[in-house]
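Inspection log for the structure reproduced underneath, given as structure tokens.
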Amino acid sequence: MTAHPLSEQIAALAKLKEEARQPGSERSVQRQHDRGKMLARERIEYLLDEGSFNELDMLARHRNRDIPDKPLTDGVITGWGLIDGRKVFVFSQDFTLFGGALGEVFAEKIHKVMDLALKVGAPVIGLNDGAGARIQEGPVSLASYGGIFYRNVKASGVTPQISVIMGPCAGGAVYSPAMTDFVFMVEDTSYMFITGPDVVKTVTGEDVTQQELGGAHAHSAKSGVAAFTASDDRGVLDDVRYLMGFLPANNMEEPPRSVAEDDPDRSCDELADMIPDSPNQPYDMRKVVEVIADDADYVEYFPNWAQSMTCGFARIDGQPIGVVGNNPMFYAGVLDIDSSEKAARFVRVCDSFNIPLVTFVDVPGFLPGVGQEHGGIIRHGAKLLYAFCESTVPRIQVITRKAYGGAYVVMNSKSIGADLAFAWPSAELAVMGASGAVEILYRSQIAGAPDPVARKGELVDEYSERWCNPYVAAERGYVDDVIDPAETRRKLVAGLALLRTKREELPPRKHGNVPL
């Protein structure tokens, strides 16, 4: 065999790599662009800092003899790069090759980047646009999915994992995104479901479209699967980049601080006007958070699902925080099945990645009803309670108005481990609201009064005066201070600075038994 000069070998290598950079057929490329979708490489180039991508396994090909085409990359692009100068690993499924279907080599490439990410302590971002398992590879494809799932669980709580659904994601493929920390979806062009519309119609008789069954709206507003949505590919990738700014590289690092341009000593005078005079009137807790946060910047998690609870990321004096707050704008801010689960998941994410938690409390209780009880409100409410109790990050509670019954306890109270608790003068810490309490405590008195309505009103006023305030709790130390709302930002700045050196360890154990 004649050896070729090195210059010829280098030229051949360059030609081979140029071939690997090519997507599928012109027709498949055109179909992607006609749908408003970017190609796999275009997505990576847009997501990462310019010129920072280092590709792995570019020259990989599948080994299946039953498939004549053996394109380079095997339909998924993998490697690492930078986002705002910080290291991340990424894989991007290429729908123009085999419809993005996963086979043995395809999965091995993903396994490799997931293993490397865990070794070096860096996030993994998966750009999903594939048709599921490669049928021609049979059980090999299924076992290959198992390898991804196993690595998702090993990395859970160690390095951030983000899934971006940018096309189809169906069958077993949905379980990897479901186990990651954050799921993003693109409106109108992405969908995910276990079984598609045709199977659903055959089995149940229901006639439903792909988007109705598993589109971005379905999963962001109904199922609680997709935390964030955007209108197009570029928008969703911009959002991923922005979210990364709140997350550390791994669980051994602190989240990235920024230099705050917003004055940490700023007074929030407008907060006093946000609480209505009537305790039954709503207000938007998201607006409260925006007033307090640096530059009014609040990134809401699941903004369209379980809206009686608002969760999200903000910064206080440059410090990333996780916000959990009841939102009286929706169902009076009650805790129900969905809002409890939403907040529990968010609390555990923040605790995993050393992000301090600030809780804004205005909760009248748990949502009553047969549907809630039979749906497991006890079990789901316990998830949130458990999440707060096991968390070791700095935790601060701010009570703005109602703090009634067990729902108050669950919302990061001092009794379950909050480090600091503040209350506004409008706060009402009580077992229940005045009207309900009076009906129980003074039923016979009210019934026997000459004017029951007037007598109940007098008793409600007396109960409110005695119990519906923050001062009884402050006397017992359940609230550390009753503060002017205008001071809230200053108190949070000081509290977070104090708690920066907090150290707390849980008892040795394999893991707790969270009430799933």
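The values are calculated or read from the model by the stated rules, or taken from the named source; none is laboratory data. Bear in mind that the values here come from a model prediction, so they are computed numbers and not experimental data. All Cβ positions, glycine included, derive from the backbone under ideal geometry; neighbour counts span all protein chains shown.
Being under 22 Å from A423 (Cβ atoms) and either buried (at least 24 other Cβ atoms within 10 Å of the Cβ) or touching a strand residue (DSSP E or B) at 6+ places or on another chain (Cβ under 8 Å) (or both) is the filter here, so list the residues in segment 371-399 that pass it.
Just the residues of segment 371-399 that are under 22 Å from A423 (Cβ atoms), to begin with: 384-385, 388-389, 391, 393-399.
The answer is L384, F388, S391, V393, P394, R395, I396, Q397, V398, I399.
Before we move on, is L492 crowded, with 19+ Cβ neighbours inside 10 Å and in contact with a strand residue (DSSP E or B) (Cβ under 7 Å, 6 or more places away or on another chain)? Lay out the reasoning, then the answer.
Working: crowded, with 19+ Cβ neighbours inside 10 Å: yes; in contact with a strand residue (DSSP E or B) (Cβ under 7 Å, 6 or more places away or on another chain): yes.
When the stated conditions are applied, L492 passes them.
Among the residues of segment 357-370, count how many are surrounded by fewer than 18 Cβ atoms within 10 Å (Cβ to Cβ) and assigned to a loop (DSSP other than H, G, I, E, B). Break it down stepwise before answering.
The first filter runs over segment 357-370 and keeps only residues surrounded by fewer than 18 Cβ atoms within 10 Å (Cβ to Cβ), leaving 368-370.
This time we only want the ones that are assigned to a loop (DSSP other than H, G, I, E, B), so: 368-369.
So the count comes out to 2.
Does any residue of segment 80-90 turn out to be buried (at least 21 other Cβ atoms within 10 Å of the Cβ) and out of contact with any Leu (no Cβ under 8 Å at 6 or more places or on another chain)?
No: zero hits.
Hey, among D273, D265, which residue is within 30 Å of I483 (Cα to Cα), acidic (D, E) and in contact with a Lys or Arg (Cβ under 8 Å, 6 or more places away or on another chain)? Walk me through how you get there before you give the answer.
Numbers: D273 fails: in contact with a Lys or Arg (Cβ under 8 Å, 6 or more places away or on another chain).
Just one listed residue meets the conditions, D265.
From the list K414, K402, which residue is within 30 Å of P255 (Cα to Cα), crowded, with 16+ Cβ neighbours inside 10 Å, of a type in the set (D, E, K, R) and out of contact with any helix residue (DSSP H, G or I) (no Cβ under 6 Å at 6 or more places or on another chain)?
Answer to the selection: K414.
Among the residues of segment 437-458, what is the count of those that are modelled with pLDDT of 80 or more and under 30 Å from A421 (Cα atoms)?
Number of matching residues: 3.
What are the residues in segment 316-331 that are crowded, with 22+ Cβ neighbours inside 10 Å and under 16 Å from V288 (Cβ atoms), if any?
I316, I321, G322, V323, V324, G325, N326, N327, P328
Assuming S352 fulfils every condition listed in (1) crowded, with 23+ Cβ neighbours inside 10 Å; (2) under 24 Å from V225 (Cα atoms) apart from one, which condition is it?
S352 satisfies every listed condition except (1).
Would a scan of segment 383-401 turn up a residue that is assigned to a helix (DSSP H, G or I), closer than 23 Å to M329 by Cα and either more than 23 Å from the chain's Cα centre (by Cα) or modelled with pLDDT under 95 (or both)?
Among the residues of segment 383-401, not one is assigned to a helix (DSSP H, G or I), closer than 23 Å to M329 by Cα and either more than 23 Å from the chain's Cα centre (by Cα) or modelled with pLDDT under 95 (or both), which makes the answer no.
Could you tell me how many of the residues in segment 430-455 are in a helix (DSSP H, G or I) and more than 28 Å from V361 (Cα to Cα)? Give the derivation first.
Let us first name the residues in segment 430-455 that are in a helix (DSSP H, G or I), namely 434-441, 443-448, 452-455.
Within this subset, residues satisfying the condition of being more than 28 Å from V361 (Cα to Cα) are 443-448, 452-455.
Of the residues in that region, 10 qualify.
Find the residue count for segment 124-150, including only residues that are in contact with a helix residue (DSSP H, G or I) (Cβ under 6 Å, 6 or more places away or on another chain), closer than 12 Å to F91 by Cβ and not hydrophobic (A, V, I, L, M, F, W, C).
Residues flagged as in contact with a helix residue (DSSP H, G or I) (Cβ under 6 Å, 6 or more places away or on another chain), closer than 12 Å to F91 by Cβ and not hydrophobic (A, V, I, L, M, F, W, C) within segment 124-150 amount to 2.
Check L118, L127 and return the single one that is on the phi < 0 side of the Ramachandran plot, of a type outside the set (V, I, T) and outside any helix (DSSP H, G or I).
Details: L118 fails: outside any helix (DSSP H, G or I).
After ruling out the rest, the residue left standing is L127.
How do the pairs read when you match residues in segment 21-36 that are surrounded by 14 or more Cβ atoms within 10 Å (Cβ to Cβ) with residues anywhere that are assigned to a helix (DSSP H, G or I) and of a type outside the set (G, A, S), using Cβ under 7 Å and keeping only pairs 6 or more apart or on different chains?
If the second residue must be assigned to a helix (DSSP H, G or I) and of a type outside the set (G, A, S), the pairs left are P23/V29.
Would a scan of segment 234-255 turn up a residue that is small (G, A, S) and under 23 Å from D317 (Cα atoms)? Give the steps one after another, and end with the answer.
Step one: filter segment 234-255 for residues small (G, A, S), giving 235, 245, 249.
Pick out the ones that are also under 23 Å from D317 (Cα atoms) and you get 245, 249.
Yes, there is a match, as at least one residue in segment 234-255 is small (G, A, S) and under 23 Å from D317 (Cα atoms).
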